[in-house]
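**Q** Pasting in a structure now, in structure tokens, and then I'll have a few things to ask.
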Amino acid sequence: MDKVAVVILNWNGKKYLEKYLPSVLLHSNLSEVKIYVADNGSTDDSVSFLKTNFPTINIICIDANYGFAEGYNKALNKIEAKYFVLLNSDVEVTAQWLEPIIKKMDIDSTIAACMPKILSYHDKKMFEYAGAAGGFIDKLGYPFCRGRIINQIEEDLGQYNDEIDIFWATGACMFVRADLYKKAGGLDGDFFAHMEEIDLCWRFKNMGYRIVYNPHSVVYHVGGGTLPNNNPKKIYLNYRNNLFLLYKNLPTSKIVPTIFTRMVLDGLSALAYLSKFSFSFFWAVIKAHLDFYISIGHSRKKRQQNKLVFINYNHLEIYKKSIVYQFFINKLKTFDKLKF
């Protein structure tokens, strides 16, 4: 068994592998590290390109595109390691990116998952949207980050160079204990993509483990490579999956009021799209809710199974107010202005 398995999930991403894989090979020189590319049913020539240009890379071929969540599950089921590092194909890593986090996890068994500082590849002084300096959620399940609230992204001025507990680690670069990943059931394949890492981290938290941000490791992320922000499918997945993770992980007393509030707010959001004649976005929100309600029976079974290992529902990393209200009404645009 290897100590560290760096696993890159690829789907038609030859251009990313060609550009960013060399940095992973160059800087992943920790002993007992293996680098894998799990190909998620690509239709381009990614696999042949890897075999020709990166013969030392371990390739796992998956027969179809199962999405981020189930694609990783299928790949990681074939790997034996102490730690998995889930790494997006559009990430440039830096020297010593593995060592600080692996060292920390080696000495602290309460840490289930950890993430580095995520900066923008295109503007390396700015934080990157999908993770920044650690993920949080508010009382209604809206995710945000240190370094990024709603669409406001901060410049990295060293203000988040402290190691802290966070609520979720980004799937763009997530270090996770392999045994706990499997004990928790891995990523939820029903999510397909988007917010599956928040769901996994929430399950870890409910199981009594910690999620940690370590600023001593730094990577640069392109972001938005598979589904851009203006894609109706991405909007559908974000709305639906947010409801999934709330239903699966909230304490029983909070499920009905939280889901009802989100139904109202999401309805208003859908009407806003309609008022702008964005019919595909309007339908994406409506369809997300319909599919969530249809699948409640299936989600209930997962929730009941999760409750067998959940021991803690109270987390300091859940913001007790509405991040949307704080951002738009109170004009609090940076993480340091929030009071937890």
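The values are calculated or read from the model by the stated rules, or taken from the named source; none is laboratory data. Predicted model, so just to flag it, every value in this text is computed and none were measured. Because the Cβ atoms are built from the backbone with ideal geometry, glycine has one as well, and the counts that use them run over all protein chains shown.
**Q** Of Leu246, Leu332, Leu250, which residue is closer than 23 Å to Phe127 by Cβ, in contact (Cβ under 8 Å) with a residue 24 or more places away in the chain and surrounded by 15 or more Cβ atoms within 10 Å (Cβ to Cβ)?
**A** That would be Leu332, the only listed residue that is closer than 23 Å to Phe127 by Cβ, in contact (Cβ under 8 Å) with a residue 24 or more places away in the chain and surrounded by 15 or more Cβ atoms within 10 Å (Cβ to Cβ).
**Q** I'd like the full set of residues that are in a loop (DSSP other than H, G, I, E, B), aliphatic (A, V, I, L, M) and closer than 16 Å to Ala69 by Cα, limited to the stretch 150-199.
**A** Ala169, Ala172, Ala184, Leu187, Ala193, Met195 - these are the residues of the stretch 150-199 that are in a loop (DSSP other than H, G, I, E, B), aliphatic (A, V, I, L, M) and closer than 16 Å to Ala69 by Cα.
**Q** Okay, next question. Name the one entry in Ser109, Ser89 that is at pLDDT 95 or above, of a type in the set (Ser, Thr, Tyr) and either crowded, with 16+ Cβ neighbours inside 10 Å or closer than 22 Å to Lys19 by Cα (or both).
**A** Of Ser109, Ser89, the one residue that is at pLDDT 95 or above, of a type in the set (Ser, Thr, Tyr) and either crowded, with 16+ Cβ neighbours inside 10 Å or closer than 22 Å to Lys19 by Cα (or both) is Ser89.
**Q** Mind counting the residues in the stretch 151-181 that are within 21 Å of Asn241 (Cα to Cα) and out of contact with any strand residue (DSSP E or B) (no Cβ under 7 Å at 6 or more places or on another chain)? Walk me through it before giving the result.
**A** Pass one, the stretch 151-181, residues within 21 Å of Asn241 (Cα to Cα): 151, 166-174, 181.
When the remaining residues are screened for being out of contact with any strand residue (DSSP E or B) (no Cβ under 7 Å at 6 or more places or on another chain), the result is 151.
Qualifying residue count for the region: 1.
**Q** Next up: Among the listed residues Ile8, Ile35, which satisfies the condition of being part of a strand (DSSP E or B), under 19 Å from the mean Cα position of the chain (by Cα) and under 19 Å from Ala95 (Cα atoms)? Break it down into steps so the answer makes sense when it comes.
**A** On the way: Ile35 fails: under 19 Å from the mean Cα position of the chain (by Cα).
On inspection, the qualifying residue turns out to be Ile8.
**Q** Out of all the residues in the stretch 90-123, which are in a loop (DSSP other than H, G, I, E, B) and under 18 Å from Asn161 (Cα atoms)?
**A** Answer for the stretch 90-123, where residues must be in a loop (DSSP other than H, G, I, E, B) and under 18 Å from Asn161 (Cα atoms): Thr94, Ala95, Gln96, Trp97, Leu98.
**Q** Taking Pro232, is it more than 16 Å from the chain's Cα centre (by Cα), crowded, with 16+ Cβ neighbours inside 10 Å and in contact (Cβ under 8 Å) with a residue 24 or more places away in the chain?
**A** yes
**Q** Counting only residues that are surrounded by 13 or more Cβ atoms within 10 Å (Cβ to Cβ), β-branched (Val, Ile, Thr) and free of Cβ contacts under 8 Å to residues at least 24 places away in the same chain, how many does the stretch 253-276 have?
**A** 2
**Q** A further question on this structure: Can you tell me which condition Ala284 does not meet? The list is (1) in contact (Cβ under 8 Å) with a residue 24 or more places away in the chain; (2) within 23 Å of the chain's Cα centre (by Cα); (3) closer than 24 Å to Phe167 by Cβ; (4) not assigned by TED's automatic domain parsing to the domain that holds Leu157, and all the others hold.
**A** Condition (3) is where Ala284 drops out.
**Q** Of everything in the stretch 124-134, what is in a strand (DSSP E or B) and aliphatic (A, V, I, L, M)? Give them in sequence order.
**A** Met126
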